[in-house]
Amino acid sequence: MSARILMGKEFAAKIKESARLEVEELKKNYGVTPGLSVIIVGENPASQVYVRNKHKTCEELGIISEVVAMPEDTTKDALLAKIDELNADKNIHGILVQLPLPAAIKAHSEEILNRIDPLKDVDGFHPVNVGKLVIGSPALVPCTPAGCIEMLDLANIEIDGKRAVIIGRSNIVGKPLFHLLLARHATVTVCHTHTKNLPEIAREADILVAASGKPNLVTADMIRPGATVIDVGINRIAPKKLVGDVDFEAAKEIAGAITPVPGGVGLLTVAMLMKNVVKAAKLQLGE
Ligand code: NAD
């Protein structure tokens, strides 16, 4: 039997609608319009597409969106000064520095991201927010893993008590997702490049999340029949061809539910960013 295909568009639309309603409420109850400032340094074409997409989504939902475009030769100090200015700006509730930074300042990425006020850190990368996630207190959580949880919830796929296996241990996907699934009472295993017997571990999963950035790493024989498979991978294998980490055509014959690439869980990331901007505004209002 073919799997249920979890289409990102449908879920992203629901998340955005709920963010739009929250924006309306903030305006009505506090006279506050949430504001997002996205800093982009240099001319990276992919980053420009992502930033435009975020800007457009903010506008759709009634969120104030400001794009701060800084030249390729921006110094670390100039970027830190800009972040300080935005940290102090009462009309801006969320700040995001689009990565990757240009080569000349890339080595300072951590110091730069850590300068963002944790209450405005809508990417959820600041150590304060990472720490809060680990101890289970409310925090701004990275958007992609938060989107995975939201998708499971909206699809009515139970997490509590399930075996979850994540392939990938990055700071932006695998590790935060581990904590989010654990907080929802899943039993979670995180696999990585040094994991022995990956297929065997993957086959234990009720919920299998692939976030390795390796096309076709997850083959049908690694999937337990009926499992939910979330493919976070986005891999460009030809100029106009994107694929995930999962061999989708074969996997959909085994899985119970599966996300496609493109058009799957990736579409939830920007929607979750909008939720984070609203959440940041609420945190700053003391809600
Ligand atoms: P990363 O390169 O930082 O981390 C990849 C992880 O996968 C590492 O922890 C590594 O140990 C593990 N891994 C790699 N090859 C493996 C193998 N053969 N076996 C087991 N583990 C292996 O990548 P990332 O930033 O976490 O991104 C992962 C994928 O998700 C990429 O394709 C990326 O494009 C995609 N991504 C999508 C979104 C989105 O949907 N919006 C956001 C972030 C990342």
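Check whether at least one residue in the stretch 180-191 is over 21 Å from Gly256 (Cβ atoms), outside the structural domain of Leu96 (by TED's automatic domain parsing), within 16 Å of the ligand (Cβ to nearest atom) and β-branched (Val, Ile, Thr), and report yes or no.
yes
Each row is one residue, and each column tells you yes or no for (1) under 15 Å from Asn216 (Cβ atoms); (2) more than 9 Å from the ligand (Cβ to nearest atom).
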residue	(1), (2)
Val229	yes, yes
Ile237	yes, yes
Gly244	yes, no
Ile254	yes, yes
Gly266	no, no
Thr269	no, no
Lys275	no, yes
Gly286	no, yes
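Could you list, in sequence order, the residues of the stretch 226-248 that are more than 19 Å from Gly161 (Cβ to Cβ) and either of a type in the set (Asp, Glu) or not in a strand (DSSP E or B) (or both)?
Asp231, Val232, Gly233, Ile234, Pro239, Lys240, Gly244, Asp245, Asp247, Phe248, listed by residue number.
Do any residues in the stretch 44-55 that are buried (at least 16 other Cβ atoms within 10 Å of the Cβ) and at pLDDT 95 or above have Cβ atoms under 7 Å from those of residues that are aliphatic (A, V, I, L, M) and assigned to a helix (DSSP H, G or I), where the two are at least six apart or on different chains, and which pairs are they?
These pairs meet every condition: Lys54/Val270; Lys54/Leu273.
Within the stretch 15-38, restricting attention to residues that are in contact with a helix residue (DSSP H, G or I) (Cβ under 8 Å, 6 or more places away or on another chain) and either without any contact (Cβ under 8 Å) to a residue 12 or more places away in the chain or of a type in the set (Ser, Thr, Tyr) (or both), which residue is farthest from Asp117 (Cα to Cα)?
Ser18
Need a quick list: strands (runs of 3 or more DSSP E) entirely within the stretch 1-113 having at least 2 residues that are not hydrophobic (A, V, I, L, M, F, W, C).
35-41, 64-70
What is the residue count in the stretch 90-131 for residues that are within 18 Å of Pro176 (Cα to Cα), in contact with a Pro (Cβ under 7 Å, 6 or more places away or on another chain) and surrounded by fewer than 19 Cβ atoms within 10 Å (Cβ to Cβ)?
So the count comes out to 2.
Please go through the stretch 206-227 and pick out each residue that is more than 6 Å from the ligand (Cβ to nearest atom) and either of a type outside the set (A, V, I, L, M, F, W, C) or not assigned by TED's automatic domain parsing to the domain that holds Gly263 (or both).
Answer for the stretch 206-227, where residues must be more than 6 Å from the ligand (Cβ to nearest atom) and either of a type outside the set (A, V, I, L, M, F, W, C) or not assigned by TED's automatic domain parsing to the domain that holds Gly263 (or both): Asp206, Pro215, Asn216, Thr219, Asp221, Arg224, Pro225, Gly226.
Could you grab the pairs with beta carbons closer than 6 Å, sequence gap of 6+ or different chains, first residue in the stretch 81-103 and at positive phi, second one of a type in the set (Phe, Trp, Tyr)?
none
Of the conditions (1) more than 11 Å from the ligand (Cβ to nearest atom); (2) over 28 Å from Asp123 (Cα atoms), Pro199 clears all except one; give me its number.
Looking at each condition in turn, Pro199 falls short on (1).
Return the total of residues in the stretch 111-167 being touching a residue at least 24 places away in the same chain (Cβ under 8 Å), more than 15 Å from the ligand (Cβ to nearest atom) and on the phi > 0 side of the Ramachandran plot.
Of the residues in the stretch 111-167, 2 are touching a residue at least 24 places away in the same chain (Cβ under 8 Å), more than 15 Å from the ligand (Cβ to nearest atom) and on the phi > 0 side of the Ramachandran plot.
The values are calculated or read from the model by the stated rules, or taken from the named source; none is laboratory data. This is a predicted model, so every value here is computed, not measured. All Cβ positions, glycine included, derive from the backbone under ideal geometry; neighbour counts span all protein chains shown.
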